[in-house]
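Asker: The structure's right below; bear with me while I get my questions together.
None of the figures in this text is laboratory data; all of them are computed from the coordinates on show. Keep in mind the model is a prediction, meaning the values are calculated, not measured. Every residue, glycine among them, receives a Cβ derived from its backbone with ideal geometry; neighbour counts consider all protein chains shown.
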Protein chains: 2
Amino acid sequence: TVQREEIDDEMDGCDVTDEGGKSIYMVSDGTGWTAEHTVTAALGQFDYCLVDRGCPVSTHLFSGIDDVERLMEIIKQAAREGAMVVYTLAESSMAESARQACKIWEVPCTDILSPITEAVANHLGVSPSGLPRGAPGRNSALSEDYFKRIEAIEFTIKQDDGALPQNLHKADIVLTGVSRTGKTPLSIYLAQKGYKVANVPLVMGIKAPKALFEIDPEKVFGLTINPVVLQTIRWARAKTLGFHGEAKTSYSEMDHIRKELEYASTLFAQNPVWPVIEVTGKAIEETAAVILRLYQDRKNRCSMPRISKRY
Amino acid sequence: TVQREEIDDEMDGCDVTDEGGKSIYMVSDGTGWTAEHTVTAALGQFDYCLVDRGCPVSTHLFSGIDDVERLMEIIKQAAREGAMVVYTLAESSMAESARQACKIWEVPCTDILSPITEAVANHLGVSPSGLPRGAPGRNSALSEDYFKRIEAIEFTIKQDDGALPQNLHKADIVLTGVSRTGKTPLSIYLAQKGYKVANVPLVMGIKAPKALFEIDPEKVFGLTINPVVLQTIRWARAKTLGFHGEAKTSYSEMDHIRKELEYASTLFAQNPVWPVIEVTGKAIEETAAVILRLYQDRKNRCSMPRISKRY
Ligand SMILES: Nc1ncnc2c1ncn2[C@@H]1O[C@H](COP(=O)(O)O)[C@@H](O)[C@H]1O
Ligand SMILES: Nc1ncnc2c1ncn2[C@@H]1O[C@H](COP(=O)(O)O)[C@@H](O)[C@H]1O
Ligand SMILES: [Mg+2]
Ligand SMILES: [Mg+2]
């Protein structure tokens with residue numbers, strides 16, 4: 001999916017109808033991230049036609065919509081623009097207003113929150129509060145979980161790129177692999193889920209830190225990637241860094257890449273407890289899912305691998 | 001919501017029935033993050049009863065479930081455990097199998113992906129591919145967007161905590177505020193959405209870097225927080241860092257906190273273009289939503305603030 005955001009000025013956020021293609025409005029009384037996440041997953045089902053621009057789509061996120069006037073304005077605008085509307089509205093009267101307005105103005109609408117909230121309500125045998133997040137009077141105590149996540153993020157930032165190998169033993173997860181296998185974004189992704197992550201770059205000709213072999217091998221994950229794809233990524237990287245001549249040659253040259261990946265494979269083979277994760281063609285969140293599945297698996301040895309949380 | 005994850009060993013991921021409370025199974029042929037995100041939003045509607053443990057809930061995420069045998073095993077297990085099931089399955093035959101199995105074994109089930117996918121299909125006038133993410137043959141090209149996000153994350157990590165003030169002008173967004181207003185986790189959250197973020201800590205008695213006043217003021221955001229809440233957070237912080245005596249006193253002492261917040265307010269008042277964001281009681285993603293709404297607003301001057309993307 002080729003996706004371009006407002007921030008590079010490629011699109012005027014107000015005047016989308018000019019651009020052709022279909023619009024999806026996402027409306028939330030909260031942040032809108034739930035609607036955005038769900039719509040993005042659904043759009044994954046159409047990327048065969050999105051990528052070659054057979055069916056251009058634009059999404060428009062309206063967050064913090066907690067009064068019926070603005071809600072009506074947005075749905076009216078959707079009607080004018082021929083957009084569909086996806087919404088998450090905690091207050092049942094707001095959700096009902098949206099439903100009715102969509103019906104009247106003939107806007108195709110999908111309520112993302114109500115079906116799951118109702119199912120959970122039936123399951124728990126209690127009623128939903130009907131209060132949007134951020135509503136006054138809502139209890140938003142600083143939980144243990146909140147502090148744990150922040151600590152994980154700060155830990156992870158400090159350990160990035162092999163800094164502080166003396167702290168590897170404090171990490172929950174240690175990632176290792178050659179340059180541009182996605183260690184940094186993956187570390188950050190996992191950190192936001194509450195895991196302290198350290199990453200150790202493998203560079204041919206430079207010895208990996210001793211600590212890597214002294215810590216619990218069950219928490220180390222090796223990353224590997226197809227050499228041709230790695231070259232593409234390294235080219236992009238070299239361009240960004242403004243590399244020229246020598247540096248560029250050895251960094252993104254195929255012969256060097258192959259040797260470096262072989263060096264990594266040999267190291268992985270010498271440490272057979274480390275799972276080796278193939279990252280080629282995987283999004284960061286996909287690799288993260290694979291790693292967390294293995295991590296929880298090793299921890300719990302369940303018959304059915306799962307990630308569990310208690311609320 | 002008090003939420004505890006597996007990683008602190010407080011719960012055996014396999015044996016949840018012992019613990020009492022209700023289970024929610026989340027099943028995906030992909031990462032499971034969409035289901036998790038949606039369920040977390042829905043659980044927000046029940047936190048009045050979750051927090052005081054009136055209705056304990058545990059969630060169990062099963063990711064990468066792309067064959068019907070494992071799917072059936074999970075639903076059978078849900079039936080045994082009295083769990084409800086929430087699923088996202090791209091292949092229509094898999095979704096249909098889940099639906100039928102839930103019916104036969106009397107498991108309450110909610111399909112999160114199909115309703116939105118069908119609505120989008122109708123809107124676009126094309127059929128969904130039915131291919132789960134990560135399915136062989138799916139096009140997962142390294143998009144411009146992918147590189148932009150990675151660059152944003154790497155940029156943001158390097159600028160954390162006022163490092164490299166000479167790079168402030170390269171940032172899309174600059175956050176400033178006193179210690180523990182959430183600058184770091186917020187920066188990282190925004191970076192993952194593709195924005196290059198720098199953050200500049202305000203410390204009483206230390207002059208803020210000159211660059212902060214030389215860059216485009218439209219991209220600077222001030223963060224402020226209630227002093228009592230800040231003290232709680234600083235206490236937690238001091239404990240984590242192992243502060244004692246002097247340092248702790250001035251850092252988390254109320255008088256010092258009030259003065260430091262006043263110092264920040266004065267600075268904000270001197271720079272009236274900077275929006276001042278109140279972070280008290282807000283989750284990181286909520287503050288991020290507020291900032292991005294203002295950011296896009298200033299950029300586009302729409303009559304209806306929105307964040308737009310093109311696919
Ligand atoms: N912690 C929470 N408490 C109450 N409602 C929530 C919570 N988190 C999300 N929601 C609701 O779930 C929907 C999606 O939230 P958001 O992802 O912030 O747009 C919105 O209707 C929110 O009001
Ligand atoms: N890029 C994508 N292409 C195709 N399907 C996707 C994509 N992203 C998510 N999905 C589907 O959307 C659902 C939710 O994905 P996930 O959040 O990874 O569990 C799953 O059924 C995925 O197979
Ligand atoms: Mg890195
Ligand atoms: Mg910080």
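Asker: Other chains near A:298-304: what is the mean number of their Cβ atoms within 10 Å of each residue's Cβ?
Answerer: Working: counts 0, 5, 7, 3, 5, 3, 10.
Going residue by residue through A:298-304 and averaging, the value is 5.
Asker: Taking each residue of B:229-241 in turn, how many C-beta atoms of other protein chains fall within 10 Å of its C-beta, and what is the average?
Answerer: Values: counts 1, 0, 0, 2, 4, 0, 0, 6, 4, 0, 1, 4, 0.
The shielding value for this peptide is 2.
Asker: For the stretch A:175-188, in order, what is each residue's ³J(HN,Hα) by Karplus, 6.51 cos²θ - 1.76 cosθ + 1.60 with θ = phi - 60°, in whole Hz (x at glycine and Pro)?
Answerer: 9, 9, x, 6, 4, 6, 9, x, 4, 5, x, 5, 4, 5
Asker: What gaps in nm, shortest first, separate B:Ser265 from its twins in the other copies when you place the label 7 Å past Cα toward the beta carbon?
Answerer: B:Ser265 label point versus its equivalents elsewhere: 6.4 nm.
Asker: Charges at C-beta only: +1 for Lys and Arg, -1 for Asp and Glu. How large is the resulting dipole of the stretch B:187-311 about its Cα centre, in Debye rounded to 20? Can you show the working numbers first?
Answerer: Values: 19 positive and 12 negative charges, 123 e Å.
I would put it at about 600 debye.
Asker: Report, in cubic angstrom per residue, the convex hull volume of the C-alpha atoms of the stretch A:254-311.
Answerer: Hull volume over Cα atoms, normalised by residue count, gives 107 Å³.
Asker: Can you list, shortest first in nanometers, how far A:Ala79 lies from the same residue in the other copies, with each label 7 Å from Cα toward Cβ?
Answerer: 4.7
Asker: Considering amide H positions built from the backbone, and no H for Pro or chain starts, which residues 5 or more places from B:Val85, or on another chain, come under 5 Å of its amide H?
Answerer: B:Tyr25, B:Cys109, B:Thr110
Asker: Another question, then. Using all alpha carbons of the protein assembly as shown, what is the percent of pairwise distances in each 20 Å bin, ordered from the shortest bin to the longest?
Answerer: Answer for the protein assembly as shown: a P(r) of 18, 54, 27, 1 percent.
Asker: So, in Å, what gap is there between the alpha-carbon centers of the stretch B:190-212 and the stretch B:48-65?
Answerer: 37
Asker: Sticking with this one: Between B:Ser93 and A:Ala79, what is the label-to-label distance in nm when each label sits 7 Å out along the Cα-to-Cβ direction?
Answerer: 4.4
Asker: Using only the alpha-carbon atoms of the stretch B:89-140, report the extent along each of the three principal axes, biggest first, to the nearest angstrom.
Answerer: Extents along the principal axes: 37, 27, 13 Å.
Asker: Enumerate the lysines that A:Lys282 could reach by cross-link, defined here as Cα to Cα under 18 Å, with residues fewer than 8 away along the same chain left out.
Answerer: Those lysines meeting the cut-off are A:Lys183, B:Lys148, B:Lys193.
Asker: So for B:Lys207, B:Lys219, B:Lys193, fewest C-beta neighbours within 10 Å to most, what's the order?
Answerer: B:Lys207, B:Lys193, B:Lys219
Asker: If you consider only alpha-carbon coordinates, what radius of gyration and Dmax does chain B have, in Å?
Answerer: 23.8, 69
Asker: Hey, what number do you get for chain B at 222 nm if only DSSP H runs of n ≥ 4 count, each worth -39500 (n - 2.57), divided across all residues, to the nearest 500? Provide the component values of the computation, followed by the final result.
Answerer: Values: 12 runs with 141 residues, N = 311.
Result for chain B, helices only: -14000 deg cm²/dmol.
Asker: As an exercise, use a Förster radius of 25 Å and the Cβ-Cβ distance of A:Ser303 and B:Val68 to find the FRET efficiency, rounded to the nearest 0.05.
Answerer: 0.90
Asker: Sorting A:Phe268, B:Phe147 on the 10 Å Cβ count, fewest up front, what's the list?
Answerer: Fewest-to-most Cβ neighbours within 10 Å comes out as B:Phe147, A:Phe268.
Asker: Let me ask something else about it. Choose one of A:Leu202, B:Ser23, B:Thr40: the residue whose Cα lies farthest towards the positive end of the charge dipole of the protein assembly as shown (beta-carbon charges +1 Lys, Arg; -1 Asp, Glu; about the Cα centre).
Answerer: Selected residue: A:Leu202.
Asker: Taking N as the number of residues in the stretch B:198-280, what is its Cα Rg relative to 2.2 N^0.38 Å?
Answerer: Dividing the Cα radius of gyration by 2.2 N^0.38 Å gives 1.18.
Asker: Any idea how far apart A:Arg53 and B:Phe147 come out in nm if each label point goes 7 Å out from Cα toward Cβ?
Answerer: Taking the two extended label points, one gets 1.8 nm.
Asker: Calculate, axis by axis, the spread of Cα positions in the stretch A:85-225 along the three principal axes, and write the results as whole Å, longest axis first.
Answerer: 69, 34, 27
Asker: Quick one: with label points 7 Å out along Cα→Cβ, list the inter-copy distances for B:Val228 in nm, shortest first?
Answerer: In ascending order, 6.4 nm.
Asker: Within 10 Å of each Cβ in peptide A:66-78, how many partner chain Cβ atoms are there on average? Round it to a whole number, please.
Answerer: Partner Cβ neighbours, averaged per residue: 1.
Asker: So for A:Val27, B:Val51, fewest C-beta neighbours within 10 Å to most, what's the order? Mind showing how you got there, number by number?
Answerer: On the way: A:Val27 27, B:Val51 14.
In increasing order of surrounding Cβ atoms, one gets B:Val51, A:Val27.
Asker: Per residue of the stretch A:224-234, in order, report the coupling 6.51 cos²θ - 1.76 cosθ + 1.60 (Karplus, θ = phi - 60°) as ³J(HN,Hα) in whole Hz, putting x for Gly and Pro.
Answerer: Whole-Hz 3J(HN,Hα) from phi for the stretch A:224-234: 9, 8, 5, x, 5, 5, 4, 4, 4, 5, 5.
Asker: Could you tell me which of B:Pro185, B:Ser308, B:Ala121 has its Cα farthest along the dipole of chain B towards the positive end, charges placed at Cβ (Lys, Arg +1; Asp, Glu -1), taken about the Cα centre?
Answerer: B:Ser308
Asker: Please list, by residue number, everything in the stretch B:282-310 whose backbone N is under 16 Å from a paramagnetic label point 7 Å out along Cα→Cβ of A:Arg138.
Answerer: Those under the cut-off are B:282-291.
Asker: Per-residue HN-Hα couplings for the stretch A:98-106, Karplus 6.51 cos²θ - 1.76 cosθ + 1.60 at θ = phi - 60°, whole Hz, x for Gly and Pro?
Answerer: 4, 4, 5, 4, 4, 5, 4, 8, 6
Asker: Assuming R0 = 30 Å, what is the FRET efficiency of B:Thr266 and A:Glu118, from their Cβ-Cβ distance, to the nearest 0.05?
Answerer: Numbers: r = 50 Å, r/R0 = 1.66.
Computed FRET efficiency for B:Thr266 and A:Glu118: 0.05.
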